[in-house]
Structure formats: C-alpha cells, structure tokens
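**Student:** Please find one structure pasted underneath; my questions will follow.
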Amino acid sequence: MNGFFKLVSTFQTQAEPAYCGLTTLVVVLNALSVDPGRRWKGPWRWFDESMLDCCEPLENVKKNGITFSKVSCLAQCAGASVQAFRANESSLDLFRSFVETCASSEDHHLVVSYDRQILKLTGTGHFSPVGGYHRHKDMALILDVARFKYPPHWVPLSLLWEALNSVDEATGKSRGFMMITKRAKPTCFLFTLSCKDQRWRAMCKYLLEEVPYLLKSRGFTTVEEVVYTVFGSLPADVASFVKWIVEVKPAVNGPIEKVDRDETERLRYKSKVLQQLRQTRALALITKWMEQNSVNSPEDESLQTAILQACCQGAAAFRGSNCYSNVKCFKKDVKESNVTSNGARGEAVVMSSRVLVDGCEQVIDALVPKRPSSGNVGGGSVLQQDGIDQVTLEENAFHPTTRDLLAVLLLALPPSTWEQIPDLSIHAEISRIASRKELPHELQLEVEHLFEQAFFVSRSCTEEALTEEALIETKN
C-alpha cells in the first residue's frame with residue numbers, strides 16, 4: 001500500500017462521464033509531483049483535466065472518450081515517463097509484477113484500461129489507477145475515478161487481467177496497463193508535438209512511413225536534395241504539428257513590471273535552447289535549403305499572430321471553457337512592454353491581448369524571452385543593448401520561426417529514416433547532421449522529448465488508421 005497514500009491525497013472524481021482517462025492521469029501526475037509548467041489557479045502549479053489536450057481536443061474526449069495509446073501519449077507529453085503494455089502482448093505474471101512494484105512504491109504508479117462489464121459493473125471501457133495489492137489474496141485495489149458510481153474496490157487480479165485482456169471496440173485493439181513515473185530529467189519547455197490540428201495524421205504518416213520509402217527510391221548528390229525530399233512536400237504546415245510553447249497568465253493589477261524567479265528560469269531556458277538550435281548544422285542546412293529554393297515562411301508567422309493564438313487558448317483554459325470556438329480575440333489591442341526580473345534590466349518581453357471568452361472580457365499576458373544582447377544567435381541580426389529603443393519589442397523578442405521548427409523536427413526524426421539512402425556518403429553526412437549525440441545538453445533533452453512524443457503519436461496514428469479501415473470494411 002506504499003503508493004496508496006500519494007494517490008489518495010490527489011484522488012478526485014472525473015469531471016465528465018468520458019473523462020476517466022484524463023482524470024486518472026491528473027491523479028497520477030499530481031501524486032508524482034510532476035510540474036505542469038504552468039499555473040492552475042492563483043500561484044498553484046497543479047494538473048487539471050483542461051491541461052491535457054495536446055494529443056486529443058477536449059471536445060472529442062468529452063464526446064467519445066480517449067484511447068489507450070492517446071492516454072500514453074498524454075502522460076508522456078505532460079512530462080512523465082511511460083511504460084505501456086497491451087494485454088495481448090503481455091502476460092498475467094508480468095502484470096502481477098508491475099502491480100506489486102507500483103503498490104510498493106511512492107514514485108511508480110499503475111494505470112489500468114479495462115472492460116467494466118467483466119467485473120460485473122455498469123459501463124464498458126474505463127481507466128483508473130491501482131492503489132494497492134494484497135499478495136496473500138492476490139487482489140488489486142482499484143481507485144475508481146468515477147466516484148459518483150463506485151467507491152475504491154478490491155478485485156481478484158486474475159479477473160482484472162481478464163478485464164484488461166479484452167478488445168476495445170473503438171480501436172479493435174487490446175486494452176492494457178501502463179506504469180507512469182516522474183522523469184529524472186526536466187521536461188520540455190520550448191517545443192512540443194500537437195495533435196490538435198486534424199492534419200497531424202497525414203503529417204505522422206508522411207514523416208514516419210512515406211519519407212523512408214522516398215529516400216530509398218531516389219538518388220541524391222547533395223544533402224540539400226535530401227532535405228527538399230523530406231520537407232518539400234509536407235502535407236501540412238510544419239507549425240500545425242510542431243509547436244513552440246508560450247507562457248501566458250491573466251493580467252492582474254495592470255501591466256507586469258517584473259517576472260518571478262521560476263518564470264525567469266524558464267525564459268532563460270527557452271532562450272538557451274533556441275540559441276543552441278541556431279548554432280546546429282541542422283539549422284544551417286534548413287536555412288540554406290530555404291534560401292536556395294525560395295521557400296518563404298507562412299504569412300501568419302508573425303509573433304503577434306502566435307501570441308494572439310496562445311492568449312486565446314490560455315484564456316479558454318483560465319475560464320474553464322473546453323470550447324475554443326467560444327473565444328474571441330482582438331488583435332488591435334495587442335500591447336507590448338519590456339519587463340525586468342529580480343532587478344535585472346529587460347529580462348523578458350510581455351505581449352498582452354484583450355480576449356472575449358463566453359462574453360467575459362480578459363486581458364492575457366504572454367511572456368517571451370528577450371533577444372540576447374550579444375553573441376551569435378543565428379536567427380538574424382543581433383541587437384545590442386543600447387539599440388533597444390531603435391527597434392520594436394516584437395523585433396526584440398526571441399522566438400522560434402518556421403526554420404527553427406523544421407530544424408528541430410529534422411533532429412527528432414528516427415535515425416532509421418536515413419538508413420535506406422543509396423549513396424553512402426550522403427547517408428553518412430545527413431546522419432551526422434541529424435545526430436542527437438553531440439547536441440548541447442538542453443537541446444538534446446528537447447529533441448529526445450520530441451522523439452519520444454513522435455513514438456507515441458505514431459502508435460496512435462497507426463491505431464486510428466486501422467480503426468478507420470475496420471469501419472470501412474464494416475460498412476462495405
């Protein structure tokens with residue numbers, strides 16, 4: 001019962017009938033003290049279901065629930081480490097070993113996806129954390145997040161295994177279990193993959209399935225040709241799949257004059273990662289390819305557009321609105337200001353947007369790192385401290401652009417992507433450029449995070465494709 005006390009201290013009831021997966025993750029993430037990287041309410045950094053929307057829009061989850069692979073993806077995106085097992089690819093003995101391990105630990109928790117009907121309960125597919133294990137009776141304690149239906153209850157492990165080893169009709173795949181732990185390394189702060197845009201499936205399939213085939217079937221004389229093959233025919237704008245994270249918060253008591261220590265650390269981290277990225281051979285290659293082929297950035301790439309979108313999303317979350325369509329933003333009211341941190345001059349750029357959510361007006365502040373005053377940042381002209389007054393604050397802000405997103409995506413692609421390139425010298429060169437081994441520590445963590453996200457996203461993509469095929473066959 002070692003893990004029980006951590007879980008029960010964060011135990012809560014699912015907010016919606018189909019939120020069992022999200023609420024289970026919220027309980028586990030808070031029990032592990034995983035930092036969400038943002039405030040919940042007031043000064044408190046605490047997970048809430050509304051934060052878990054990177055792998056599936058909340059509107060969809062509220063209507064249809066969420067799949068096993070998407071829950072795994074969400075846990076990983078939220079900053080946890082995940083080991084997920086389908087029951088048909090596992091065994092009762094392995095499951096029992098994980099149950100016992102997690103029940104005996106405060107920093108390892110087990111989530112089960114099971115069919116309630118097999119347990120003689122109402123409903124079908126469900127997610128809940130396991131809160132304990134009785135070795136002598138071989139029974140597991142289910143902390144049911146649907147507390148309006150059932151209190152925590154003990155279940156014979158063999159029966160629970162039977163409920164896990166069932167097929168989810170929505171996907172045609174077996175249910176299963178996953179062990180979730182807190183990462184030893186800090187979570188991603190700057191880049192993340194997003195499945196909110198419906199085109200993510202096409203991006204996923206193209207990058208992980210079609211690109212290796214294209215590289216295998218063509219002859220290359222330069223690495224620029226490889227980049228053109230990979231990125232020249234993307235099925236969607238890269239910004240719809242790779243996102244950069246903006247920190248936002250409601251404006252209180254007028255304009256921000258200072259940012260706190262935690263905010264400063266995160267801003268410096270983002271700035272450092274972006275500087276490191278812009279010094280890589282990957283970024284230089286992307287830049288060269290874009291210039292040679294006259295590839296222009298999207299018209300809506302401006303910082304103000306990105307900040308406006310972030311403020312709208314933040315406003316919806318702060319108001320507890322699950323529907324992004326209820327948010328209206330007023331671009332004309334965007335304002336900018338330089339703020340200090342702990343007495344330092346100009347640590348951040350703050351951009352404010354006036355937002356209307358469900359008829360209620362809010363002002364949302366977005367924090368963006370300030371462009372370094374010296375050194376080569378590789379993203380354009382470097383501004384000197386004394387020249388700040390001669391440029392707009394948008395120019396002074398230090399933020400990712402399309403080529404940064406393309407470069408970090410290039411670094412995050414699986415090494416196997418390049419294996420089938422016929423020319424050995426081209427294969428060796430692109431492999432060196434895309435290698436993660438010699439990247440600076442902070443950038444390496446970011447890229448590894450994206451790589452792990454891509455793994456979970458690809459599993460979800462494959463699962464949904466199989467589901468669609470099965471539906472088509474059923475209709476036929």
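**Student:** At what distance in nm do the modelled label points of residue 104 and residue 158 sit from each other, each positioned 7 Å from its Cα along Cα→Cβ?
**Tutor:** Going from the residue 104 label point to the residue 158 one covers 2.3 nm.
**Student:** Give me, ordered by chain and number, the residues 5 or more places off residue 40 or on other chains with an amide H under 5 Å from its own placed amide H.
**Tutor:** Hits under the 5 Å cutoff: 45, 46.
**Student:** If the chain between residue 136 and residue 94 were fully stretched, how many nm would it gain, using 0.36 nm times the residue separation less the Cα-Cα distance?
**Tutor:** Values: separation 42, 0.36 × 42 = 15.12 nm, distance 1.74 nm.
Residue separation times 0.36 nm, minus the Cα-Cα distance, leaves 13.4 nm.
**Student:** Need one value: the accessible area of residue 182 in square angstrom, 1.4 angstrom probe, rounded to the nearest 10.
**Tutor:** Approximately 110 Å² of residue 182 is accessible to the 1.4 Å probe.
**Student:** At a probe size of 1.4 Å, how large is the accessible area of residue 192, to the nearest 10 Å²?
**Tutor:** 30
**Student:** Give me the one-decimal Kirkwood hydrodynamic radius in Å for the stretch 2-182, with the sum taken over alpha-carbon pairs.
**Tutor:** Details: mean 1/r = 0.0624 Å⁻¹.
Hydrodynamic radius (Kirkwood, Cα only) of the stretch 2-182 equals 16.0 Å.
**Student:** In the structure displayed, which of 272/370; 249/270; 62/182; 41/63; 41/270; 70/173 lie more than 19 Å apart, Cα to Cα? Present the calculation step by step, with values, prior to reporting the outcome.
**Tutor:** Working: 272/370 11 Å; 249/270 17 Å; 62/182 27 Å; 41/63 26 Å; 41/270 23 Å; 70/173 13 Å.
Table pairs above 19 Å Cα-Cα are 62/182; 41/63; 41/270.
**Student:** Something else about it: With r as the distance between the Cβ atoms of residue 8 and residue 252 and R0 = 35 Å, compute the FRET efficiency 1/(1 + (r/R0)^6) and round to 0.05. Don't skip to the end; give the middle numbers.
**Tutor:** Numbers: r = 34 Å, r/R0 = 0.96.
Efficiency at R0 = 35 Å is approximately 0.55.
**Student:** Length gain on complete extension for the stretch residue 16 to residue 245, per 0.36 nm per residue less the alpha carbon to alpha carbon distance? Don't jump to the answer; show the numbers that get you there.
**Tutor:** On the way: separation 229, 0.36 × 229 = 82.44 nm, distance 2.72 nm.
That works out to 79.7 nm of additional length.
**Student:** Could I have the simple spin-label model distance between residue 124 and residue 360, label points 7 Å from Cα toward Cβ, reported in nm to one decimal?
**Tutor:** Result: 3.6 nm between the two label points.
**Student:** Follow-up question, since we're still on this one. Near the amide H of residue 293, under 5 Å away, which other amide H atoms are found, from residues 5 or more places off or on another chain, if H is placed in the peptide plane?
**Tutor:** none
**Student:** What whole-number value in Å² describes the accessible area per residue of the stretch 2-182 for a 1.4 Å probe? Don't skip to the end; give the middle numbers.
**Tutor:** Values: 7450 Å² over 181 residues.
That works out to 41 Å² per residue.
**Student:** Right, another one. How large, in percent, is the carbon and sulfur part of the accessible surface of the stretch 1-59 at a probe radius of 1.4 Å?
**Tutor:** Values: 1390 of 2430 Å².
Looking at the stretch 1-59 in its full context, I get 57 percent from C and S.
**Student:** May I ask you to derive the relative contact order of the stretch 2-182, considering only C-alpha pairs under 8 Å and at least 6 residues apart, and to give it as an integer percent?
**Tutor:** On the way: 348 pairs, mean separation 49.4, N = 181.
Taking the mean separation of contacting Cα pairs over the length of the stretch 2-182, I get 27 percent.
**Student:** If you don't mind, there's one more thing I want to ask. Which order do peptides 234-242, 85-93 fall in by mean Cβ count within 10 Å, highest first?
**Tutor:** Put in order of decreasing packing, that is 234-242, 85-93.
**Student:** Still on this structure: At 1.4 Å probe size, put 210, 106, 291 in order of accessible surface, largest to smallest. All intermediate terms of the calculation are to be shown ahead of the outcome.
**Tutor:** Working: 210 80, 106 105, 291 135 Å².
Of 210, 106, 291, the descending order of accessible area is 291, 106, 210.
**Student:** Right, another one. Which sequence of 268, 175 reflects their accessible areas, 1.4 Å probe, from the largest down? Write down the numbers at each step before the final one.
**Tutor:** Working: 268 135, 175 20 Å².
If we order 268, 175 from most to least accessible, we get 268, 175.
**Student:** With the convex hull built on the Cα atoms of the stretch 212-280, state its orientation-averaged projected area in nm². Please report the intermediate quantities before stating the final value.
**Tutor:** Working: hull surface 30.7 nm².
Seen from a random direction, the Cα hull of the stretch 212-280 projects 7.7 nm² on average.
**Student:** Among 261, 218, what's the order by accessible area (1.4 angstrom probe), most exposed first?
**Tutor:** On the way: 261 160, 218 110 Å².
Most to least solvent-accessible, the answer reads 261, 218.
**Student:** According to the square roots a ≥ b ≥ c of the eigenvalues of the Cα gyration tensor, what is the shape class of the stretch 159-282, taking rounded for a/c under 1.5, prolate for a/b larger than b/c otherwise, and oblate for the remainder? Display every interim value, and only then the final one.
**Tutor:** On the way: a/c = 2.19, a/b = 1.11, b/c = 1.97.
It comes out oblate by the Cα gyration axes.
**Student:** Pulled fully out, how much extra length does the chain show between residue 44 and residue 213, if you take 0.36 nm times their separation in residues and subtract their Cα-Cα distance? Please list the in-between numbers first.
**Tutor:** Numbers: separation 169, 0.36 × 169 = 60.84 nm, distance 4.79 nm.
Roughly 56.0 nm would be gained on extension.
The values are calculated or read from the model by the stated rules, or taken from the named source; none is laboratory data. Being a predicted model, the structure only gives us computed values, none of them experimental. Please note: Cβ atoms are built from the backbone with ideal geometry, for glycine as well, and neighbour counts cover all protein chains shown. Side chains are part of the model used for accessible areas, which takes the heavy atoms of the whole protein and leaves out ligands, DNA and RNA. Shrake-Rupley method; radii C 1.70, N 1.55, O 1.52, S 1.80 Å.
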